[in-house]
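Q: Quick one: this structure, given as C-alpha cells, is what I'll be asking you about.
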C-alpha cells in the first residue's frame with residue numbers, strides 16, 4: 001500500500017496563498033468599515049455647530065429641524081414616486097425576460113435594461129428637462145382640469161413640466177435596472193420542480209408564475225426595491241436639473257411648479273456659495289440623508305439575506 005503526500009514546498013505555498021487571500025479580504029472589510037466610520041464622524045463633527053447655533057443665524061432664520069424637514073420631505077416624496085413607478089415595471093420586465101421572451105430576445109433585452117444603469121445622471125437630467133417635461137405638460141393640465149379634487153393634482157399645473165412627478169419619473173427610470181436585475185436573478189432561481197409541477201397539473205404559464213415564482217421571489221423583489229430606493233434617495237444632478245423648487249415648501253402637489261427640494265440637490269446647488277453656519281447646516285442635512293440611506297440599505301440587505309437558498 002502506497003500513500004501519496006504533497007511536497008512540503010507545495011503545502012507551504014498554498015498556505016501562504018490562503019493567508020494572503022484571507023488577509024486581503026479581511027483588510028478590505030476593515031477598510032470599508034473605517035471609511036464608513038470616517039464619513040459618519042466627519043458629518044457629525046461638522047453638524048455640531050449647526051445643532052448648537054442660534055436659530056436666527058441659520059439659513060432662512062429658523063430652527064435646524066425647520067430647515068431640514070422640507071428637504072427631507074421632498075427627498076422621501078421623490079423617492080417614493082420613483083419606487084411606485086419603477087417596481088411594477090421592473091417586475092414585469094423581469095418576468096418577460098425570464099419566462100416569456102425567446103432566448104435571443106431575452107438576452108438582448110436584459111443587456112439593454114442593464115445598460116440604463118451606465119447612463120450618467122446628468123444625461124437623465126437633460127433628457128428629463130428637454131424632452132420629458134414639455135411632453136407631460138398637457139397631461140398635467142388635464143389632471144388639473146379633471147382631477148384637481150385630489151390633493152396630489154390640485155394644481156395649478158406647471159407650464160414647464162418641472163414638477164415633482166416629472167422628477168419621480170426620471171428617478172424611476174434610473175432605478176429600474178437595479179430592481180429588474182435583482183428580480184431576474186430571483187425569478188430564475190425559483191425551484192424547477194415547483195414550476196414543472198404547476199404546469200403538469202394544468203396551470204397556465206401565468207398561473208405557474210403566480211403560484212410558484214412570485215411567492216418564492218417576493219422577498220428578493222422587496223430587497224431589490226429597497227436597494228433602488230436607496231439609490232433614489234441620494235440622486236443629485238438629475239433632480240437639480242428637472243425640479244423647480246421653492247425653499248421651505250412642504251407640499252404633496254405633484255403637478256405644480258411649487259415643489260420642495262431634495263437634500264442632495266439642495267447641497268449641490270447651494271454648497272459652492274455657502275460659508276460659515278450655512279455650510280454646517282448643509283452638512284447636517286447630509287447627515288440626515290446618510291442615516292436614512294444607511295437604514296434603507298441595511299433593511300434591504302436583511303430582507304435579501306432572509307430569502308431561502310435555491311434547493312431542489
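Q: Please indicate, with yes or no, whether at least one residue in segment 159-174 is without any contact (Cβ under 8 Å) to a residue 24 or more places away in the chain, closer than 20 Å to residue 258 by Cβ and over 25 Å from the mean Cα position of the chain (by Cα).
A: No, that holds for no residue.
Q: Name the residue, out of 151, 156, 102, that is under 26 Å from residue 240 (Cβ atoms) and surrounded by fewer than 13 Cβ atoms within 10 Å (Cβ to Cβ). Quick ask: steps written out before the conclusion?
A: Values: 156 fails: surrounded by fewer than 13 Cβ atoms within 10 Å (Cβ to Cβ); 102 fails: under 26 Å from residue 240 (Cβ atoms).
Only one candidate qualifies: 151.
Q: Something else about it: For residue 268, state whether it is under 23 Å from the mean Cα position of the chain (by Cα), in a helix (DSSP H, G or I) and crowded, with 21+ Cβ neighbours inside 10 Å.
A: So residue 268 fails the test.
Q: Additional query: Which numbered condition in (1) crowded, with 20+ Cβ neighbours inside 10 Å; (2) without any contact (Cβ under 8 Å) to a residue 60 or more places away in the chain; (3) assigned to a loop (DSSP other than H, G, I, E, B) is the only one that residue 282 fails?
A: (3) is the only condition that residue 282 fails.
Residue-wise test of (1) under 28 Å from residue 253 (Cβ atoms); (2) buried (at least 16 other Cβ atoms within 10 Å of the Cβ); (3) at pLDDT 90 or above.
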{"site": "75", "(1), (2), (3)": "yes, yes, yes"}
{"site": "79", "(1), (2), (3)": "yes, yes, yes"}
{"site": "87", "(1), (2), (3)": "yes, yes, yes"}
{"site": "95", "(1), (2), (3)": "no, yes, yes"}
{"site": "106", "(1), (2), (3)": "no, yes, no"}
{"site": "114", "(1), (2), (3)": "no, no, no"}
{"site": "125", "(1), (2), (3)": "yes, yes, yes"}
{"site": "138", "(1), (2), (3)": "yes, no, yes"}
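Q: Failed condition for residue 25, given (1) closer than 22 Å to residue 295 by Cβ; (2) out of contact with any strand residue (DSSP E or B) (no Cβ under 8 Å at 6 or more places or on another chain), with all others met?
A: (1)
Q: Give me the residue from segment 25-61 that is outside any helix (DSSP H, G or I) and in contact (Cβ under 8 Å) with a residue 60 or more places away in the chain and, out of that set, farthest from residue 285 (Cα to Cα).
A: Among those that are outside any helix (DSSP H, G or I) and in contact (Cβ under 8 Å) with a residue 60 or more places away in the chain, it is 53.
Q: State whether the residues of segment 242-256 include one that is in a helix (DSSP H, G or I) and either at pLDDT below 90 or crowded, with 23+ Cβ neighbours inside 10 Å (or both).
A: There is at least one residue in segment 242-256 that is in a helix (DSSP H, G or I) and either at pLDDT below 90 or crowded, with 23+ Cβ neighbours inside 10 Å (or both).
The values are calculated or read from the model by the stated rules, or taken from the named source; none is laboratory data. As the structure is a computational prediction, the values presented were derived from the model and not from experiment. Glycine gets a Cβ as well: all are built from the backbone with ideal geometry, and neighbour counts include every protein chain shown.
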